[in-house]
Amino acid sequence: MNYPPVTIELPAWVQPLIAAKGTFFPSLEARMALVIELAARNVAEKTGGPFGAAVFSAQGQLIAPGVNLVTAANCSILHAEMMALALAQKVLGRFDLSDNGKLSYDLAASTEPCAMCFGAIPWSGVNRLLCGARDADARAIGFDEGAKLPDWQAALRARGITVIRDLMRPEAIATLQAYAAADGSIY
């Protein structure tokens, strides 16, 4: 059997949005505002679920954005965090973004990671995770976030990854709720 090649692309609206916003986001709030805007636009454009993410250098340079493409691509692994991490690894040309601990990168996510994305974070090379909405906020509208360690933040800290929660949480929750109100597919 010949298997088709797997090609994953961000929606066409992402590149113009990034071009309009620029690629430098010096504050943590600016980084979170971008990923929440990615999530909200993904909902408005009907190109996927209500989740956005991006990888930034420690100084705030955008390396790669990501949006949830699960429903659009019929692929359960295409979460926003997975997209941002995969694209950042391709942009930088290495699977360990930190280059064996020499460099620092942030992963900003509009919602705390699900079980799958949580599992990918330690292997990605990021050393800081910025979160908007909480896991409970995604569950509140019906999403199945999977089984995660009860103290997942401590598990990441033990691996040298700082977790900052609740950045612009009300705005991130509003995006989740807008998706639910628009009868977006809950999976």
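A short reminder: the numbers here are calculations on the coordinates, not readings from a lab. Owing to the predicted nature of the structure, the values given are computational and were not obtained by experimental measurement. Positions of Cβ are generated from backbone atoms using ideal geometry, with glycine treated the same way; all protein chains shown enter the neighbour counts.
Per residue of the stretch 150-159, in order, report the coupling 6.51 cos²θ - 1.76 cosθ + 1.60 (Karplus, θ = phi - 60°) as ³J(HN,Hα) in whole Hz, putting x for Gly and Pro.
x, 10, 4, 5, 5, 4, 5, 4, 4, 9
So what is the relative contact order for the stretch 30-91, in percent, with contacts set as C-alpha pairs under 8 Å and at least six apart? List each step's numbers first, then the result.
Values: 121 pairs, mean separation 17.3, N = 62.
About 28 percent, as a whole number.
May I ask you to sort Met168, Met32, Met116, Met1 by Cβ crowding, counting other Cβ atoms within 10 Å and putting the fewest first?
Ranking Met168, Met32, Met116, Met1 by Cβ neighbours within 10 Å, fewest first, gives Met1, Met116, Met168, Met32.
With the chain treated as a Gaussian network of Cα nodes joined by springs under 10 Å, which of Glu171, Glu112, Glu81 yields the largest mean-square fluctuation?
Comparing Glu171, Glu112, Glu81 in the GNM, the peak value goes to Glu171.
GNM, the chain, Cα, under 10 Å: largest mean-square fluctuation among Lys21, Lys148, Lys90?
Lys21
Counting pairs of alpha carbon atoms under 8 Å apart in space and at least six apart in sequence, what relative contact order in percent does the chain give?
On the way: 352 pairs, mean separation 35.5, N = 187.
Relative contact order, the chain: 19 percent.
Scattering from the C-alpha atoms of the stretch 1-145 alone, worked out with Debye: what is log10 I(q)/I(0) at q = 0.16 1/Å?
-0.79
Name the residue, out of Pro65, Pro26, Pro170, whose mean-square fluctuation peaks in a Gaussian network model built on the chain with Cα pairs under 10 Å.
Pro170
May I ask you to sort Phe118, Phe56 by Cβ crowding, counting other Cβ atoms within 10 Å and putting the fewest first? Display every interim value, and only then the final one.
Values: Phe118 22, Phe56 30.
Lowest count first: Phe118, Phe56.
Taking the Cα centre of each part, how many Å lie between the stretch 67-89 and the stretch 156-187?
15 Å
In nanometres, what is the gap between the two model label sites at Asn100 and Lys21, each 7 Å from Cα along Cα-to-Cβ?
In this crude label model, Asn100 to Lys21 measures out at 3.4 nm.
Tell me, Arg159, Arg31 in order of fewest to most beta-carbon neighbours within 10 Å?
Lowest to highest Cβ neighbour count: Arg159, Arg31.
Which lysines, on any chain, are close to Lys102 with Cα under 22 Å apart, when same-chain ones fewer than 8 places away are left out?
Qualifying lysines at Cα under 22 Å: Lys90.
Restricting the calculation to Cα positions, tell me the Rg (one decimal) and the Dmax (whole number) of the stretch 112-165 in Å.
10.9, 32
Name the long-range amide H neighbours of Arg128: under 5 Å, sequence gap of 5 or more, or other chain; modelled H, no Pro or chain starts.
Tyr105, Leu107, Thr162
Over the stretch 60-187, with a single point scatterer placed on each C-alpha, what log10 of the ratio I(q)/I(0) does the Debye formula yield at q = 0.16, 0.22 1/Å?
Debye output, listed in q order: -0.80, -1.45.
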